[in-house]
Amino acid sequence: MMSNVFSTFDPATSTSLSLNWTSAILVLLMIPSMYWLIPSRYNMITKIVYSKLHVEFKAILGSKNQAFSIMFVTLFMFILMNNTIGLLPNVFSSSSHLAFTLSLALPMWLAIMLFGWINHTQHMFAHLVPEGTPSILMPFMVCIETISNLTRPVSLSVRLMANMVAGHLFMCMLGSFIVTASYSIFPMTMIMEVFLMLYETAVALIQAYVFSMLSALYTKEVTYEHT
């Protein structure tokens, strides 16, 4: 039984060198190159998922922004792999840390903002004031839209981190309870743990989709004139 359930989120608990962050690229080591070099069912399933996501992101961004679509498909798969690998026992969950999620959201947001302000300056200024806003409310709307844009990377990061932390924390607490549970309630707690594991798998998929989809929607606002 763990003395502290939050120790599972500490990067330095397993090793003295704090190498737990290598779990972010551990999934790459678990995918043998033969699955990519030789046609297989795994390769076919991956291509189907890629194609479906590419069509969906392209529908949001427009046919002229296919390069952005490929980028968001890659972002989705990377987050999904890190979310799911964190559900394995004794594997450090990197996506449950703000340092990891913010390192994904902040560069993405900065790139989108720089691209918009450099290439579509008038459109970015016009976006600060929604169409039909009364003149007396325009200064307030500019402030509100500016704050909304500045908080986007934080909201993306905190949303992903909070959802992953909540599920992992609940599973750790239930797992610690199972260790000391009596034989009478052991089957019920194990069933609850299995259902919670399935639920967290769905959360990992949904959160990866939400993160990449919101990033795509933010990009659409910048590239709207070219869609």
Check your understanding: Ignoring ligands, DNA and RNA, what percent of the accessible area of segment 79-227 is carbon or sulfur (1.4 Å)?
Key -> 76 percent
Study note, to complete from the structure: For Ile112, the net charge from surrounding residues (Cβ-Cβ under 13 Å; K, R +1; D, E -1) works out to +1
Practice item. Would you list, by chain and number, the aspartates and glutamates whose Cα falls below 14 Å from the Cα of Lys220, excluding same-chain residues fewer than 8 positions away? Key: Glu56
Exercise for review: Could you state how much accessible area Met161 has, in square angstrom rounded to the nearest 10, with a 1.4 Å probe and all protein chains kept in place?
Suggested key: 50 Å²
Check your understanding: Relative to the present Cα-Cα distance, how much length would full extension add between Ser40 and Ala162 at 0.36 nm per residue of separation?
Key -> 40.3 nm
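The values are calculated or read from the model by the stated rules, or taken from the named source; none is laboratory data. What you see is a predicted model; the values in this text were computed from it and never measured. Glycine gets a Cβ as well: all are built from the backbone with ideal geometry, and neighbour counts include every protein chain shown. In case anyone asks, the SASA skips ligands and DNA or RNA and just uses the protein heavy atoms, side chains included. Shrake-Rupley method; radii C 1.70, N 1.55, O 1.52, S 1.80 Å.
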